[in-house]
Amino acid sequence: MPIGARALTGPQAAALYGLDGYRDLDWPVRWCAPSTCRPQPGVVRTRRWEDPVLIGDTPVAPVHLVLHHLADVEHHAPDGLALAERVELAVEHALRSRLVALDDLAVRGRGGPGDGVLRDILRVRGGEPPTESFAETRAAQLLRSTGLVAWRQVFVVDGPRIVHRADFAVPFQLRARLRRPEPLLPHDGLIIEIDGRGLHEPQFERDHRRGSTYDRLGYRWISLTPTQIEHTPADCVAAVAGALGSGRRARP
């Protein structure tokens with residue numbers, strides 16, 4: 001194999017890029033090489049090959065290629081995340097950081113095991129904007145597990161003026177296919193904000209003004225914390241269900 005025609009890929013490469021779900025953890029080493037190279041044990045050959053980038057002294061495949069290879073081999077960590085959940089965390093992180101575009105992640109042809117997981121992630125997320133944090137991705141996963149549609153990063157308006165961008169909104173209507181509202185109006189759905197202590201404690205007053213604005217404009221809304229999502233998910237689901245039920249009964 002020619003020098004420079006091999007690059008780190010998969011979970012350990014995702015850790016070196018600092019992607020959600022992988023950073024600060026040790027993972028099995030997996031390499032990739034151009035499809036024109038002869039087969040080597042432990043090396044994935046790919047037609048998507050691009051020149052690697054150096055992280056320290058290690059040649060690492062571009063992020064889009066790493067994401068395609070994340071689920072090629074089953075891997076686990078003490079946090080107990082399922083494989084597809086972990087890959088989705090990395091995908092959303094890469095999208096919001098503009099390390100990749102959706103087109104970079106398209107799976108053409110049958111592909112490998114990692115491509116199958118990636119295809120499923122792209123199918124269920126649709127064309128929604130990326131989440132804006134680890135906690136928001138976990139919230140999206142929780143909401144989806146209950147069968148709810150959850151629009152991301154929806155604009156809230158006061159007359160002609162955009163006053164906020166809400167983390168999520170869940171529609172009051174029960175139809176399976178609903179068009180994303182631009183902007184969100186009070187009768188469209190329940191707003192869900194994900195408010196973590198680290199980010200939101202310094203903006204305590206701003207968050208309360210946000211809540212007062214929602215109340216003044218007639219929006220139904222709730223706030224959940226990352227700790228609640230991770231440790232008491234059933235309570236979060238019950239809170240969403242209760243607020244949705246109240247909002248549906250109040251719709252004109």
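Brief remarks on what is shown
- For the chain, modelled as a GNM whose springs connect Cα atoms under 10 angstrom apart, the maximal fluctuation among Val240, Val117, Val73 occurs at Val73.
- Pairs of Cα atoms farther than 16 Å apart, the range 128-172, %: 40 percent
- Our summary of shape: the Cα atoms of the range 134-250 have principal axis extents of 38, 37, 22 Å, ordered from largest down, in whole angstrom.
- In this entry, the range 1-127 is assigned a mean projected area of 7.7 nm², taken as a quarter of its C-alpha convex hull surface.
- Sites counted here are GluC sites (Glu not before Pro) in a DSSP loop (not H, G, I, E or B) having no more than 14 other Cβ atoms within 10 Å; the longest part of the chain that contains none of them is 75-252.
- Fluctuation leader among Pro113, Pro11, Pro171 - the chain, Gaussian network, Cα springs under 10 angstrom: Pro113
- Taken along the Cα-to-beta-carbon direction at a fixed 7 Å, the label points for Phe155 and Gln203 span 1.8 nm.
- Where labels lie 7 Å past Cα in the beta-carbon direction, separation of Ala238 and Leu174 in nm: 2.2 nm
- Stokes-Einstein, applied to the Kirkwood radius of the chain over Cα pairs at a viscosity of 1.306 mPa s and 10 °C, places its translational diffusion at 80 µm² s⁻¹.
- In this rough spin-label picture, where each label sits 7 Å from Cα along the Cβ direction, the Arg216-Leu185 distance is 2.1 nm.
- Electrostatic tally near Pro39: other residues with Cβ closer than 13 Å to its Cβ, Lys and Arg +1, Asp and Glu -1, net +3.
- Take the chain and mark each of the trypsin sites (Lys or Arg not before Pro) that is in a DSSP loop with at most 10 other Cβ atoms within 10 Å; the longest unmarked stretch, sites excluded, is 180-252.
- Full extension of the chain between Asp104 and Val163 gives 18.0 nm of extra length, using 0.36 nm per residue less the Cα-Cα distance.
Each reported figure results from applying straightforward, stated rules to the coordinates on display, with no laboratory input. Since this is a predicted model, take the numbers as computed values, not measurements. Here Cβ is always computed from backbone atoms with ideal geometry, including for glycine, and neighbour counts include all displayed protein chains.
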